[in-house]
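Since the structure comes first, as structure tokens, the remarks are kept for the end.
The values are calculated or read from the model by the stated rules, or taken from the named source; none is laboratory data. For clarity, every value in this text was computed on a predicted model and none was experimentally measured. Neighbour counts run over all protein chains shown; Cβ positions are idealised from the backbone, glycine included.
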Amino acid sequence: MKEINLKVEGMACSGCENRIKNAVKTISGVDEVEANHETGVVKVKAEDSVNIENIKEKIDSIGFDVKGEIN
């Protein structure tokens, strides 16, 4: 299990958070997703086999801008 923290721009409300959570949860191997529009951080807990690029692409595909991974 790994935790991925991403800086995401474009989240303005809890509805945006829910859109991201629901989209990322459709990726096989993703166990948990937290999104916070106030900090612009999306935290994903996933199996080690999950590719971070797939997560970034999923978030980008629904209209948000992934700025990169944060530690």
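Restricting attention to segment 16-68, which residues are part of a strand (DSSP E or B) and either more than 15 Å from MET1 (Cβ to Cβ) or among the β-branched types (Val, Ile, Thr) (or both)?
Within segment 16-68, VAL30, VAL33, ALA35, ASN36, VAL41, VAL42, VAL44, ASP65, VAL66, LYS67, GLY68 meet the criteria.
Would you call ALA12 at pLDDT 95 or above, small (Gly, Ala, Ser) and part of a helix (DSSP H, G or I)?
no
Hey, among VAL33, VAL41, which residue is surrounded by 17 or more Cβ atoms within 10 Å (Cβ to Cβ) and either at pLDDT 95 or above or aromatic (Phe, Trp, Tyr) (or both)?
Going through VAL33, VAL41 in turn, just one is surrounded by 17 or more Cβ atoms within 10 Å (Cβ to Cβ) and either at pLDDT 95 or above or aromatic (Phe, Trp, Tyr) (or both): VAL33.
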